[in-house]
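The values are calculated or read from the model by the stated rules, or taken from the named source; none is laboratory data. If you're wondering where the values come from, they're calculated on a predicted model, not measured in any experiment. Here the Cβ is made from the backbone with ideal geometry for all residues, glycine too, and neighbour counts use every protein chain on show.
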């Protein structure tokens, strides 16, 4: 048995037989010299292959348009543009004429160079866009080599799809009824595969580096899209755990119909609010089926990262409006651009930072580009009449940044008034607490904020000084570290003392093992991946606030995260013996 940890790209847990799909790989591209007189013939072969590839994509768009979201269709429209790009054509023609090598090798060599440059980029968006070039080059090469590919649409049995890097066209064409899970060497949460997997509700774990080397066709594989884990050839203990967790999920699914519309209220009447986190407008359509009472975090930067350039005001307006319409009168909290760190905007961030997670990112990025920031704020203000919209600033480190950000909001309001755009004059403006300095000065920040939302992912990282993406130290990223818990408690207390609510939108909010602790600490709102809501709600509805407060008091006296974990597991075993790892 072997267990791998990767990136949780689409939630759910499933077990099945592996299907190793390496159709997109070209291990033996022919390479040979040609005469100068042959270049015209080779060029004509390429143009014919490009035309065939374009026709193939167009047919896919025409025949599958009813299945595609706007976002998915844009993937293939971008590939059509690449096939028609004169610069791309020019590179290949120049290489053909200077190298005097066959066109198959020229296409492979140029595409390989481009993808390697992108993969080596510090920009996560650019790394993930390498797959588009691979997809386009593969289409051309298959046509040039007259290779008939196996189609994932022809799968006849249920499989766990194991791939190095799934091409968007393959993902869209695959038999969704037969692909029960996806594991992949490459990719991240913003990759096309992740977007499509979530849309199809297929559990997926990406960014595994070497999974295609470790899994053979037919191997039994467990995919845990909730935890980002893949288990290869599970032993009896792992199989037993899978069956227990799968049965638990089935029970929760059965209970969902009964509790979906019931309040998240403890047995003794303490009421909290459960909301969902989303990254794309399309996700708003299905969060309600999990009982979400609103959206506590809409990561607006993905609207900018997907096309790869600053989204125009009207593009933003339509995206925000779509989310608000889907949620009706339920609250929607939209976080302003959290670019920088591992999410770079290519056209505006062309230089490398030695320490990007401590550098030009989030609110710092926005305040340094006031027109870009103001455009987003004006769009949000315009949308504020379409629903219950709240604005949230990320990575506020102190009162100065908050005051400066509010000043830009006032400027945006003045411009809306000047142009005659109506907006909600009393729109709520809150901040994320994800830096120790913000947690320590939460009492000061609360006086200028309408609400807090604790971002535990970064709070853990910055509090413990640990890069959670570094395999050598990520074991230290413990949200139950006493230092993190004290920051959380201090933030919640400061919020309540100043008459505002404290929410949480980090991973900890959706962790069922943390639910009782957070209730006991006084958290008002939990925002999480929508599929995590039913289990969290079950725990809330089966607990008393008094027992949760007693637990919270005990853990605040603990000196280590191991002691906290021990107390939490013991509490869960006593109150919810059917839930746990």
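(1) part of a helix (DSSP H, G or I); (2) farther than 21 Å from residue 575 by Cβ: which one isn't true of residue 247, the others all being true?
The single condition residue 247 does not satisfy is (2).
Does residue 371 satisfy being modelled with pLDDT of 95 or more, over 18 Å from residue 458 (Cα atoms) and surrounded by fewer than 16 Cβ atoms within 10 Å (Cβ to Cβ)? Quick ask: steps written out before the conclusion?
On the way: modelled with pLDDT of 95 or more: no; over 18 Å from residue 458 (Cα atoms): yes; surrounded by fewer than 16 Cβ atoms within 10 Å (Cβ to Cβ): yes.
Judged against the criteria, residue 371 is not a match.
Is at least one residue of region 174-197 under 30 Å from residue 522 (Cβ atoms) and in contact (Cβ under 8 Å) with a residue 24 or more places away in the chain? If you could, list the steps in order and put the result at the bottom.
Let us first name the residues in region 174-197 that are under 30 Å from residue 522 (Cβ atoms), namely none.
No, every residue in region 174-197 fails to be under 30 Å from residue 522 (Cβ atoms) and in contact (Cβ under 8 Å) with a residue 24 or more places away in the chain.
Taking the condition within 27 Å of the chain's Cα centre (by Cα) and more than 18 Å from residue 392 (Cα to Cα), does residue 503 pass?
Working: within 27 Å of the chain's Cα centre (by Cα): yes; more than 18 Å from residue 392 (Cα to Cα): no.
Spelling it out, it is not the case that residue 503 is within 27 Å of the chain's Cα centre (by Cα) and more than 18 Å from residue 392 (Cα to Cα).
What's the number of the condition residue 284 fails, among (1) without any contact (Cβ under 8 Å) to a residue 60 or more places away in the chain; (2) assigned by TED's automatic domain parsing to the domain that holds residue 218?
(2)
Listed residues 535, 523; which is modelled with pLDDT under 95 and either assigned by TED's automatic domain parsing to the domain that holds residue 292 or in a strand (DSSP E or B) (or both)?
Values: 523 fails: modelled with pLDDT under 95.
When all the criteria are applied, what remains is 535.
Of all residues in region 468-508, count the ones that are in a helix (DSSP H, G or I) and modelled with pLDDT under 95. I'd like the intermediate steps shown before the answer.
Pass one, region 468-508, residues in a helix (DSSP H, G or I): 474-476, 482-497, 507-508.
If we keep only those that are modelled with pLDDT under 95 too, we end up with 474-476, 507-508.
So the count comes out to 5.
State whether one or more residues within region 241-249 are more than 19 Å from residue 16 (Cβ to Cβ) and out of contact with any strand residue (DSSP E or B) (no Cβ under 7 Å at 6 or more places or on another chain). Even if it seems obvious, please write down each step before you answer.
Let us first name the residues in region 241-249 that are more than 19 Å from residue 16 (Cβ to Cβ), namely none.
No, that holds for no residue.
Might you let me know whether region 51-67 holds any residue that is modelled with pLDDT of 80 or more and not in a helix (DSSP H, G or I)?
No, every residue in region 51-67 fails to be modelled with pLDDT of 80 or more and not in a helix (DSSP H, G or I).
Of all residues in region 439-484, count the ones that are under 13 Å from residue 507 (Cα atoms), in contact with a strand residue (DSSP E or B) (Cβ under 7 Å, 6 or more places away or on another chain) and either surrounded by fewer than 21 Cβ atoms within 10 Å (Cβ to Cβ) or not assigned by TED's automatic domain parsing to the domain that holds residue 338 (or both).
Total meeting the criteria: 0.
Picking from 127, 139, which residue would you name as being at pLDDT 80 or above and either surrounded by fewer than 23 Cβ atoms within 10 Å (Cβ to Cβ) or in a helix (DSSP H, G or I) (or both)? Walk me through how you get there before you give the answer.
Numbers: 127 fails: at pLDDT 80 or above.
Going through 127, 139 in turn, the sole match is 139.
From 163, 205, grab the single residue that is under 18 Å from residue 529 (Cα atoms) and crowded, with 24+ Cβ neighbours inside 10 Å. Write out each step before concluding.
Details: 163 fails: under 18 Å from residue 529 (Cα atoms).
Of the residues listed, the single one that is under 18 Å from residue 529 (Cα atoms) and crowded, with 24+ Cβ neighbours inside 10 Å is 205.
Look at region 526-551 and say how many of its residues are over 21 Å from the mean Cα position of the chain (by Cα) and surrounded by 20 or more Cβ atoms within 10 Å (Cβ to Cβ). Can you show your working first?
Filtering region 526-551 down to residues over 21 Å from the mean Cα position of the chain (by Cα) leaves 537-551.
Those still in the list that are surrounded by 20 or more Cβ atoms within 10 Å (Cβ to Cβ) too: 537-540, 543, 545, 548, 551.
The number of residues fulfilling the criteria is 8.
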